[in-house]
Amino acid sequence: MFSISKRSEVEPFHAMDVLAEATKRRASGHPVISMAVGQPSHPAPKAALDASRAALAEGRIGYTDALGTARLKQGLASHYRNRHGLEIDPARIAVTTGSSAAFNLAFLSLFDAGDAVAIARPGYPAYRNILGALGLDVVEVPVTADTHFTLTPESLEAIQLEKGVKLKGVLLASPANPTGTVTGREGLKALAAYCDANDIAFISDEIYHGLTFAGEETSALELTDEAIVINSFSKYYCMTGWRIGWMVLPEQLVRPIERVAQSLYISPPELSQIAATAALDANEELDRVKASYAANRELLLDRLPKIGLAPASPMDGAFYAYVDVSRFTNDSMDFARRMLAEINVAATPGLDFDPVEGPRTLRMSYAGSQAEIAEAVERIGAWLK
């Protein structure tokens with residue numbers, strides 16, 4: 001009988017398990033409101049849908065270059081010129097099958113088994129799980145109000161002394177999931193300089209760029225050419241199911257990434273690349289969607305503390321409220337299960353994001369409609385009384 005690899009023994013992604021249960025309940029006729037996953041309720045932009053329909057009508061959808069079409073890479077270079085005032089060579093851009101593929105490619109191309117990579121705790125669980133499955137040493141760095149909920153050179157120095165490791169990589173998200181933290185320009189600059197001075201690969205996860213409500217949104221590309229930047233069409237562009245993302249790479253990393261991508265993915269899906277190219281010109285429509293998130297954010301900032309669910313971190317960016325549930329439970333997994341079963345509201349237990357303090361927290365996505373978010377808060381408030 002065959003055996004199962006040890007690398008597969010990663011924690012489940014609880015947000016996806018909650019989503020599956022919510023979907024099952026909804027299919028059974030329950031009036032479920034899901035705040036469990038970072039899924040925009042708005043469809044892909046009209047321009048993206050029109051472009052994909054036209055491509056399907058023509059019928060020729062096939063392989064592209066392993067790192068994406070020239071047209072999409074040129075469009076992304078224009079995006080950086082228009083939004084950040086940067087001149088990015090399209091040859092440094094790698095289009096990927098979602099940001100998940102970008103993380104796989106970055107980790108495989110930068111690190112060897114046993115290398116130590118630092119991530120924030122709380123943080124996106126897939127970082128921990130992918131790094132662990134690849135045999136890397138995951139170094140979780142606690143982030144708190146004292147560090148402004150972000151990584152700092154001081155916290156990286158401290159964790160290396162505590163763990164007795166030498167970091168090979170640092171991964172930071174801004175805006176961050178689940179905390180909503182936006183790392184300011186000076187903080188990002190200090191982190192990039194620290195990594196450069198210590199020969200540490202710096203990976204900047206910018207998939208929530210465009211969704212900043214407070215603070216300054218800065219790309220690592222404004223500060224250094226050595227950062228590996230990962231972004232996606234899933235969040236701001238409302239294209240989760242299209243599975244399309246991108247990387248901006250230091251020149252010396254382009255060919256290694258391409259070699260690995262050729263064998264792992266062949267190429268990103270052409271239809272999604274066509275739609276993404278069109279989506280880059282849909283900012284007016286997408287900024288209206290962002291305004292709806294801003295309204296939801298204001299509603300939650302006002303209502304959640306009144307029902308005993310104070311935010312555990314700033315809600316400056318992305319579209320999440322990371323709340324403290326310790327007034328009601330020290331088991332957020334059970335709390336989330338009961339909330340779904342008893343009032344048909346789905347949220348993600350904090351254990352996904354923080355194996356240590358996570359049982360005291362819950363993450364709620366406010367990417368849905370304002371009516372749904374308001375109704376969810378009403379149900380939760382009544383349930384907690």
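The values are calculated or read from the model by the stated rules, or taken from the named source; none is laboratory data. Predicted model only: the values in this text are computed from it and were never measured. Note: ideal-geometry Cβ built from the backbone for every residue, glycine included; neighbour counts use all protein chains shown. Only protein heavy atoms, including side chains, enter the accessible area calculation; ligands, DNA and RNA are left aside. Shrake-Rupley method; radii C 1.70, N 1.55, O 1.52, S 1.80 Å.
Among [x] 67, 54, 37; [y] 58, 58, 56; [z] 57, 49, 41, which one is Cα extents along the principal axes in Å computed from these coordinates? Here Cα extents along the principal axes in Å agrees with entry [y]. Highest mean packing first, where packing is the average number of other Cβ atoms within 10 Å per residue, the peptides 288-299, 345-356 line up as 345-356, 288-299. Pop the C-beta distance of R7 and R288 into the FRET formula with R0 = 41 Å and round what comes out to the nearest 0.05. Efficiency at R0 = 41 Å is approximately 0.40. Using the rule -39500 (n - 2.57) for each DSSP H run of four or more residues, divided by the residues of the chain, the 222 nm mean residue ellipticity is -13500 deg cm²/dmol. Placing +1 on the Cβ of every Lys and Arg and -1 on the Cβ of every Asp and Glu, with nothing else charged, gives the chain a dipole about its Cα centre of roughly 1080 debye. As a fraction of the 1.4 Å probe accessible area of the chain, surface on carbon and sulfur atoms comes out at 51 percent.
Report the one residue of I266, P305, T277 whose Cα lies farthest in the direction of the positive end of the charge dipole of region 245-309 (charges on C-beta: Lys and Arg +1, Asp and Glu -1; origin at the Cα centre). Farthest along the dipole direction, towards plus: P305.
Placing +1 on the Cβ of every Lys and Arg and -1 on the Cβ of every Asp and Glu, with nothing else charged, gives region 97-169 a dipole about its Cα centre of roughly 180 debye.
Within the shell of other residues whose beta carbon sits under 15 angstrom from the beta carbon of I380, the net charge comes to +2, with Lys and Arg scored +1 and Asp and Glu -1. Around the Cα centre of region 308-385, unit charges on the Cβ atoms of Lys, Arg, Asp and Glu (plus for the first two, minus for the last two) sum to a dipole of about 180 debye.
Farthest toward the positive end of the dipole of region 192-340, out of N231, Q252, S326, is the Cα of S326, where the dipole comes from beta carbon charges about the Cα centre. Take 173-179, 245-251 and order them by the average number of nearby Cβ atoms within 10 Å per residue, most first; the result is 173-179, 245-251. Lysine pairs in the chain with alpha-carbon atoms under 16 Å apart, 8 or more places apart or on different chains: how many are there? The result is 4.
Taking every DSSP bridge with both residues inside the chain, close to 45 percent are antiparallel.
Farthest towards the positive end of the charge dipole of the chain, among the residues L191, A371, L86, is the Cα of A371, using unit charges on the Cβ of Lys, Arg, Asp and Glu. Note that the chain presents 43 Å² accessible area per residue, ligands and nucleic acids not counted, probe 1.4 Å. Estimated at 0.36 nm per residue, the fully extended path between D196 and S326 surpasses their Cα-Cα distance by 42.8 nm.
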